[in-house]
2 protein chains.
Amino acid sequence: MVIAVPGTSRVVIENVQPCVDCGRYPVKRTVGERVNVTADIFADGHDHVRAEVLYKKATDKTWSTAAMHQQGNDAWFGFFTVTEKAPYVFTVRAWVDHLETWYEGIKKKIAAQVNVRVELLEGSMLLLESPESKKKEVQKIAGWFKDEAKYAENLDLVIGDEFAELVKRNPIRKFETVYPDEITVAVEHVKARFSTWYELFPRSASLTGKHGTFADVLKLLPRIEAMGFDVLYLPPIHPIGKVNRKGKNNNVRSVKGEPGSPWAIGSDEGGHKAIHPELGTLDEYKELITKAKKRGIDVAMDLAFQCAPDHPYVKEHPQWFKQRPDGSIQYAENPPKKYQDIYPFNFECDDWQNLWNELLSVVLYWIDQGVTIFRVDNPHTKPFRFWQWLIGEVNKQHADIIFLSEAFTRPRVMAALAKLGFTQSYTYFTWRVSRNELVEYMNELVHGPSRNYFRPNFWPNTPDILPYHLQHQGDTAFIIRLVLAATLSSNYGIYGPPFEFCESNPIPGKEEYLDSEKFEIKQYDWKKTTRMTDIITIVNKARREHPALQTTWNIHFCASGNDNLLAYLKVTDDLADCMLVVVNFDQHGRQSGYIQLPKEVLRLSNGINIKLHDLVTNEHYTWTQEWNYVELDPHKLPFHLLHLTLHESYA
Amino acid sequence: MVIAVPGTSRVVIENVQPCVDCGRYPVKRTVGERVNVTADIFADGHDHVRAEVLYKKATDKTWSTAAMHQQGNDAWFGFFTVTEKAPYVFTVRAWVDHLETWYEGIKKKIAAQVNVRVELLEGSMLLLESPESKKKEVQKIAGWFKDEAKYAENLDLVIGDEFAELVKRNPIRKFETVYPDEITVAVEHVKARFSTWYELFPRSASLTGKHGTFADVLKLLPRIEAMGFDVLYLPPIHPIGKVNRKGKNNNVRSVKGEPGSPWAIGSDEGGHKAIHPELGTLDEYKELITKAKKRGIDVAMDLAFQCAPDHPYVKEHPQWFKQRPDGSIQYAENPPKKYQDIYPFNFECDDWQNLWNELLSVVLYWIDQGVTIFRVDNPHTKPFRFWQWLIGEVNKQHADIIFLSEAFTRPRVMAALAKLGFTQSYTYFTWRVSRNELVEYMNELVHGPSRNYFRPNFWPNTPDILPYHLQHQGDTAFIIRLVLAATLSSNYGIYGPPFEFCESNPIPGKEEYLDSEKFEIKQYDWKKTTRMTDIITIVNKARREHPALQTTWNIHFCASGNDNLLAYLKVTDDLADCMLVVVNFDQHGRQSGYIQLPKEVLRLSNGINIKLHDLVTNEHYTWTQEWNYVELDPHKLPFHLLHLTLHESYA
């Protein structure tokens, strides 16, 4: 009987992670990030196993290797760092190392004073099978092991440090097992991981109260840059439907002169490839993109795939919409609610291929105009396969395009959109308010399975959401939410003007802004700076200067003796940058207590000597204990943003 | 641009379970068991989704279906039952049902008193697209919906129960999504799930103190059958090595006449296909198998793939063993310990294919003699791929062969052996003693990932293990361990004679029997019955008569007001058989307290009326509350084995 499996491969490799849905989707990383690889690895019997990660860019021919180490109970760990914007692949290989098995065995026998003459002969043979068998030193030792006269010296040699080093670096590789799957890692540029968003309605960019224009937005760029934002996101800039246009506060009827919702896209002035005439021209939009980019700011476009009743598509491609038996077109609804200013596309229509291609052409058109970031409106109301296809097609033609998924919906739906290709995602942070809620949510994001594909983007507010906890509140509440968003998550954003100016008036009983800018033009005092704008500026500067704040995945919550105080440490892999954030959740009262430094994370021994520098107040502290006293008065400032310098004064 | 994906399929199906290692290994079930299928299923938007499990025998052409139901948060559930010993496959399909979407929408609009004339026209069209469109009743309703004169009646019809039923049974199936994987279920015979093992050394089967024989074992069959065992497992029955034979209590030197360890297999009298002459002949062994089978007992063979130094293989196939530089053969060792009566095979030898084929021929030889169950000795010291191949080859030629893995080792190693094909596995039960340890371990076995491939077989003792908690103990300790093994796990076994007779003398400081039967012949009073044998008899009878005790997967632990009392309920899916076990962990004192009936499991409303019958003491109780008083005096009996009859007297 012919035996097909390679019977001499004795090592089993299972459960290689990270891996998303059995490899159906890539693991996501950004340039410069580590890929921490774990696997269950074991062989029969007591022989010693060695394992390593194999990794390479998908197009490379040769593999690089990274040693893996056993963590106990057959769990192994190794890592590599991705350095280029390209798909990588990795897998794991392992084998029984007979030299190491022999070495550990003979050491135990020597310790038990067993005669090891035959074992030395075996060692001699193994050394001559090892990779370094050609080296003079190795051949010399192999010779000594055969020399009975050198028995005592040989024992000393075997238990010495140099020989240990030789065995460690010189494994005998035979009968390797390679994990059957190669796992793909999609490596994106750093902005996918670290970005700071500012949203404003260009209609309100004017200082005079008139309808704002791209030219007005241009004038705001220095302010936005000074506050430290690197993405400027504008709601849709296309012509706004005139039929069934909504009025102030979402009134189903508008009066003449009301601007309507920018998400009701399309009119006789054009559709998704056109620009709302009151904002300016295509050239002015392109000028805004170019000038913003010079300041390090990307202008993000809103992608809302839906039409006002007078969108040109409705006449030109009625087959893309759902026709009702009475000859009308189906408007958007969530029964019994109706949205009569919006026609959704019918993605199930017979002509779906042309519809999809047209929508792709919209994205490609704006990329050609210089857009690199899209904030996608309600992606969960369009088919998942459509997005997977569209993002895939875009990625084939263009590197570095970011898609932010605005799906405030059920967990698995949000996860699915991230898996299939959205670069970043809105999250439940908007409604996670208490200390425990935040810790639980961060642990889910950072340690749950979605960690490998779902990149959170934390927003304390949006034009649609003025959450209850920010309603009728003073600036302390806004400051707390700003600091949490900006330091828990490396991607965050604010719907800027009302946040900066701490606007907190809702429609009573709802989580919506009263007199929302979605339906009217607002006038802001764009020249004013406040305590809030100062704090935004300082926090964003700290984010730019401190790599520890440029990733979401490195958070360690600290034990705290006071439930009103949340403390978390963020450190780079090499501990070169260490930040500690402490937030007082009591807006109204001074809170104090002891918080614990996680000694393992900081690799601290008993002699602790840490200098702390508060980047907001400029105060300095020295900590020499594991537990340290903290006091925060919200009337002064409800948080510490501390940079840590570790001094090596260990006992 | 051609779009390859079927764009109109809108439903996403993820995470279909059960599934072992992304489908690399089959899910295991036995005939008559349910396969509970879960999946994450969702579509974009608010449309209604329907889903079903598709399942069939692998060789069948057509699929059967089982409806799935949403459990909340996009988690769906459905099940099917496997009824034949054959590989099955299953997958999941789902689709958006526009009839149901329409139905739920129009009901909400009717409730909100919205005019639904156009919706009725839509409903008419949808009914004529539905599977039952040809039915007269459906065509009649479709006609009415178009009749404005019937508007009011139509509303009544839509909100009525009959129409709800019509919508439910008549989904419109369009643009289905089918999960990309078909998952294999290996369906084995019932004994793989439900078996009761008794181990004895045939060397001690004689009543007279002489070396026992198969003929002596024959005489013990009535006793073993009366106690209710259905597997009789004998340690190796092959010739025992004479070279380096071990003496009493594992002495490295034996004196003349000592029988040696049966696991030191092979001598000049033959090897793995021969029979130890002192036990009898091949014909007598076959007679034992046949006569035992007539009593419902399978004789299990020990499969110990290792050789005594005088095994014929050593001379005939020296290449299958590891040669040392001094010309000797490597004996088994775990440095610095040596096992000089055993030579392990070298599975890495150049001639491994012939070695593997020879070992397979050993298994096939004994199957030809009538053996159907193998207890495999230390499988974790032979390569995993070897076992996967060997079990696969055996399964190709023979149905219903059971392999029990005797691997008392690390969790992932034990799991890997079960995954690759071992039917049942020894477990950590032997050392899980306290109430909390047992609850935790059972939850790991029943609710952890290994539930789909690792079938536990609980042994309170083995010839190698007299655990500390049974040393120097009276029969109460043995009774508790018996009842736990027999009712927590549907597969269990005892190393019979010393357990029956509550032998509890160890080698001091070790978990080993003093004067172990492994190295000498023992004499038992095979005519004696005791409190212990009576309890074994009653418990095993209950196991045979109560399907609720014939599976391990149905356990529900009950809350208990007294930490000394462990209570667990085991019920069949249809609640036709319900058993409640209560164990007092205090061997020395009476314990009492209240225990809680899990109302959801028993589908109890507020009116509880349950009759309980203790199958050991024959006492009867009636419980009418959720929490019920229990009292156990270990001097009488440390456990209740209660059969429950549920009376339907709900308020």
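Where a number appears in this text, it was derived from the coordinates with a stated rule and is not lab data. Computed from a prediction, not measured in an experiment: that's the story for all the values here. A quick note on method: Cβ atoms are made from the backbone with ideal geometry, for glycine too, and the neighbour counts reach across all protein chains shown.
Things worth noting here:
- Cut-off under 5 Å, modelled amide H: who pairs with B:Val20 long-range: B:Tyr25, B:Val27
- Charge dipole of the protein assembly as shown about the Cα centre (unit charges at C-beta), most positive-ward option of B:Gly7, B:Ile479, A:Leu417: B:Gly7
- Within chain A, the cysteines lacking any other cysteine Cβ closer than 4.7 Å to their own Cβ are A:Cys19, A:Cys307, A:Cys349, A:Cys502, A:Cys558, A:Cys578.
- Note on B:His620 and B:Lys210: the extension gain reaches 142.8 nm, defined as 0.36 nm multiplied by sequence separation minus the Cα-Cα distance.
- Scanning chain A for the beta carbon that comes closest to the axis linking it by rotation to B yields A:Cys22, 2, distance in whole angstrom.
- In this Cβ point-charge picture (+1 for Lys and Arg, -1 for Asp and Glu), the protein assembly as shown has a dipole of about 540 debye about its Cα centre.
- Under a model in which nothing but the beta-carbon of Lys, Arg (+1) and Asp, Glu (-1) is charged, the stretch A:128-268 shows a dipole of about 1520 debye around its Cα centre.
- Cα-based Rg / Dmax (Å) for the stretch B:16-57: 13.6, 41
- Set A:Lys150/B:Lys322; A:Lys419/B:Lys108; A:Lys419/A:Lys522; B:Lys242/B:Lys528 screened for pairs whose C-alpha atoms are more than 28 Å apart: A:Lys419/B:Lys108; A:Lys419/A:Lys522; B:Lys242/B:Lys528
- Residue-by-residue Karplus 3J(HN,Hα) for the stretch B:166-179, coefficients 6.51, -1.76, 1.60, Hz, glycine and proline x: 4, 5, 5, 8, 10, x, 8, 9, 9, 6, 5, 10, 10, 4
- Taking 0.36 nm per residue of separation and subtracting the Cα-Cα distance, full extension of the segment from B:Arg531 to B:His398 would add 43.8 nm.
- Here's the picture: charge each Lys and Arg Cβ at +1 and each Asp and Glu Cβ at -1 in the stretch B:87-221, and of B:Ser130, B:Phe163, B:His211 the one pushed furthest to the positive end of that dipole is B:His211.
- All-pairs Cα distance distribution in the protein assembly as shown, expressed in whole percent, bin size 20 Å: 9, 29, 33, 22, 7, 0
- For the pair A:Gln353 and A:Asn15, the difference between a 0.36 nm per residue extended length and the Cα-Cα distance amounts to 117.8 nm.
- Nearest-ten-degree value, helix A:214-227 long axis tilted from longest Cα axis of chain A: 40
- Label-point distances for B:His556 to the equivalent site in the other copies, using a point 7 angstrom along Cα→C-beta, read 4.4 nm when ranked shortest first.
- Here is the list for the stretch B:534-603: trypsin sites (Lys or Arg not before Pro) lying in DSSP coil, each with at most 11 other C-beta atoms within 10 angstrom of its C-beta, are B:Arg603.
- Using θ = phi - 60° in the Karplus curve 6.51 cos²θ - 1.76 cosθ + 1.60, the 3J(HN,Hα) couplings for the stretch B:407-416 round to 10, 8, 8, 6, x, 5, 5, 4, 5, 4 Hz; x is entered for Gly and Pro.
- Between the stretch A:140-214 and the stretch A:75-133, the alpha-carbon center distance in angstrom: 19
- Only the Cβ atoms of Lys and Arg (+1) and of Asp and Glu (-1) were treated as charged; on that basis the dipole of the stretch B:99-168 about its Cα centre amounts to roughly 120 debye.
- Computed with the Debye formula from one identical point scatterer per Cα of the stretch B:348-476, without solvent, the log10 of I(q)/I(0) at q = 0.09, 0.22 Å⁻¹ comes to -0.32, -1.32.
- As a calculated quantity, the FRET efficiency between A:Ile329 and B:Lys57 at R0 = 51 Å, using C-beta atoms, amounts to about 0.55.
- Note: relative contact order over the stretch A:99-168, using C-alpha pairs below 8 Å and six or more positions apart, is 33 percent.
- Each other copy holds its own label point for A:Val252; taking that point as 7 Å from Cα along Cα to Cβ, the gaps run 9.6 nm, nearest first.
- Averaging 1/r across all pairs of distinct Cα atoms in the stretch A:61-159 and inverting the result yields a Kirkwood radius of 16.4 Å.
- Distance from the C-alpha centroid of the stretch A:492-511 to that of the stretch A:265-322: 26 Å, rounded to the whole angstrom.
- Qualifying trypsin sites (Lys or Arg not before Pro) in the stretch B:226-286, DSSP loop, other Cβ atoms within 10 Å at most 15: B:Arg253, B:Lys256, B:Lys273
- Scaling the Cα radius of gyration of chain A by the globular reference 2.2 N^0.38 Å produces a ratio of 1.18.
- Each residue of the stretch A:620-626 is assigned a 3J(HN,Hα), and the resulting list reads 10, 9, 10, 10, 10, 10, 6 Hz, derived from the Karplus form 6.51 cos²θ - 1.76 cosθ + 1.60 (θ = phi - 60°), x at Gly and Pro.
- Quotient of C-alpha Rg and 2.2 N^0.38 Å, computed over the stretch A:555-646: 1.02
- Average Cα contact separation per residue, chain A, under 8 Å, 6 or more apart, as relative contact order %: 10
- Cβ-defined net charge surrounding A:Arg29, 12 Å radius [Lys, Arg +1; Asp, Glu -1]: +3
- Distances between copies of B:Val439, taken at a point 7 Å out from Cα along the Cα→Cβ vector and listed shortest first: 2.4 nm.
- Relative contact order [Cα under 8 Å, 6+ residues apart], the stretch B:297-342, whole percent: 29
- Annotation: amide H of A:Asp97 within the under-5 Å range of A:His48, A:Val49, A:Arg50, sequence separation 5 or more or interchain, hydrogens built in the peptide plane.
- Other residues with beta-carbon under 15 Å from the beta-carbon of A:Leu127 carry, at +1 per Lys or Arg and -1 per Asp or Glu, a net charge of 0.
- Seen against the Cα atoms of chain A and their longest principal axis, helix A:282-294 is set at about 40 degrees.
- In degrees, nearest ten, helix A:475-488 long axis to first principal axis of chain A (Cα): 40
- Theoretical FRET efficiency, 1/(1+(r/R0)^6), r = Cβ-Cβ of B:His69 and B:Gln587, R0 41 Å, to 0.05: 0.30
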